[in-house]
Amino acid sequence: MSQRWLEISVQVDPSDVDDLRAELGRYVGSALAVEHPGDHARGRVTVRAYIADGEKCASTRQAVERALWHLGATGASTLREPQARWVRPEDYLNEWREFYRPFPIGRGFIVAPSWSDVPDGNRRVIRLDPGMAFGTGLHPTTQLAVEMLERALATGQAMLDVGTGSGILAIVAALRGARRVCAIDSDADAVRAARENVERNGCDDRVSVIHGQLPLSSLDPCDLLVANIVADTHLRDFDLYLEAVRRGGRVILGGIIETRGAEVRVAAADRGLKLEGALCRDGWECLNLGAPAIAGAAGE
């Protein structure tokens, strides 16, 4: 794990959070934490972006601060006054412990950190510690992806989780009856956290976590591909998704800000992907797409 992380934080109104998260996600991926309005006076929300110390840290910081400055020119003035500090993983975890509590997700699960008690109920418990991988399930994009996954996954199917983060979607799939789940992420810290969470939930016999990114020649075609990332990544990697999923399989795309939904749908249709369902919440979309059943179907 990286020895330290640069934390850049800003306070904004709740209505600005989703646009801010989408913009910052272009530079730091899923390395974002959002503390909700109930945790702050005057209803302000703190959004924190994390950048691993290393050769790309300075340039990424400049890109993040430049994006905040431009957003601040048309929106909240506080975006022009970001706070920066170095934090270690243990500092981050201590902050999360203050507000990370068990919460329901999807129709059948409740997510809880390892240090908390969970009340008795009929939901299956997923023990998830955030580490520095993020993707804890608090954000609407993850919640939508879980709900869509519950609808689309059939028992015994093989799934590929692209950009797994903390591993939450891979764990849900395994607990819902997936025969095999391959979870990949290009971030080494995310891979370590995901492996720990997979083992913590007793899914390591069905879930393999790989450090890498598409294309991966070692992968067999999957029945279902899930990518809860951002719209720009989907638009770039559509062809790689189609190479990774079998003919007639399904592709679930999350992390799509509502204003980019039409663009992603058009790009999907151009490649022969058929829209089978969509879920929307708080300005975000998750799409369930059917892959072409025969070769050469794209664009027909």
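The values are calculated or read from the model by the stated rules, or taken from the named source; none is laboratory data. These numbers were taken from a predicted model, which means no experiment stands behind them. Ideal geometry is used to build each Cβ from the backbone, glycine not excepted, and the neighbour counts take in all protein chains shown. These area figures cover heavy atoms from the full protein model, side chains too; ligands, DNA and RNA do not enter into them. Shrake-Rupley method; radii C 1.70, N 1.55, O 1.52, S 1.80 Å.
Pairing each residue of the stretch 13-31 that is under 17 Å from Asn228 (Cβ atoms) and open to solvent by 50 Å² or more (accessible area, probe 1.4 Å) with any residue that is assigned to a loop (DSSP other than H, G, I, E, B) and modelled with pLDDT under 75, provided the two are 6+ apart or on different chains, yields C-beta distances under 7 Å for Ser30/Phe134; Ser30/Gly135. In the set (1) crowded, with 21+ Cβ neighbours inside 10 Å; (2) farther than 25 Å from Ala112 by Cα; (3) without any contact (Cβ under 8 Å) to a residue 40 or more places away in the chain, Leu253 fails one condition alone, (2). Among the residues of the stretch 256-288, those that are in contact (Cβ under 8 Å) with a residue 40 or more places away in the chain and among the small types (Gly, Ala, Ser) comprise Gly277, Gly283. Yes or no: the stretch 236-251 includes at least one residue that is of a type in the set (Ser, Thr, Tyr) and at pLDDT below 95. No; the residues of the stretch 236-251 include none that is of a type in the set (Ser, Thr, Tyr) and at pLDDT below 95. What are the pairs with Cβ atoms under 9 angstrom where one residue, in the stretch 221-241, is within 17 Å of Pro140 (Cβ to Cβ) and open to solvent by 10 Å² or more (accessible area, probe 1.4 Å) and the other, located anywhere, is part of a helix (DSSP H, G or I) and among the basic types (Lys, Arg)? Sequence gap at least six, or different chains. Filtered contacts from the stretch 221-241: Val230/Arg26; Val230/Arg260. Considering only residues in the stretch 201-220 that are over 17 Å from Ser166 (Cα atoms) and not hydroxyl-bearing (Ser, Thr, Tyr), the one that is surrounded by the most Cβ atoms within 10 Å (Cβ to Cβ) turns out to be Leu214.
Filtering the stretch 147-180 to residues that are touching a Ser or Thr at 6+ places or on another chain (Cβ under 9 Å), modelled with pLDDT of 95 or more and closer than 19 Å to Asp237 by Cβ leaves Val162, Leu169, Ala170. Of the candidates Leu287, Leu242, Leu253, the single residue that is of a type in the set (A, V, I, L, M), within 22 Å of the chain's Cα centre (by Cα) and more than 22 Å from Val17 (Cα to Cα) is Leu242.
Residues in the stretch 164-194 that are among the acidic types (Asp, Glu) and surrounded by 24 or more Cβ atoms within 10 Å (Cβ to Cβ): Asp185 only.
Please find, within the stretch 201-213, the residue that is nearest to Val266 (Cα to Cα) out of those that are in a loop (DSSP other than H, G, I, E, B) and modelled with pLDDT of 95 or more. Per the stated criteria, the residue is Arg206.
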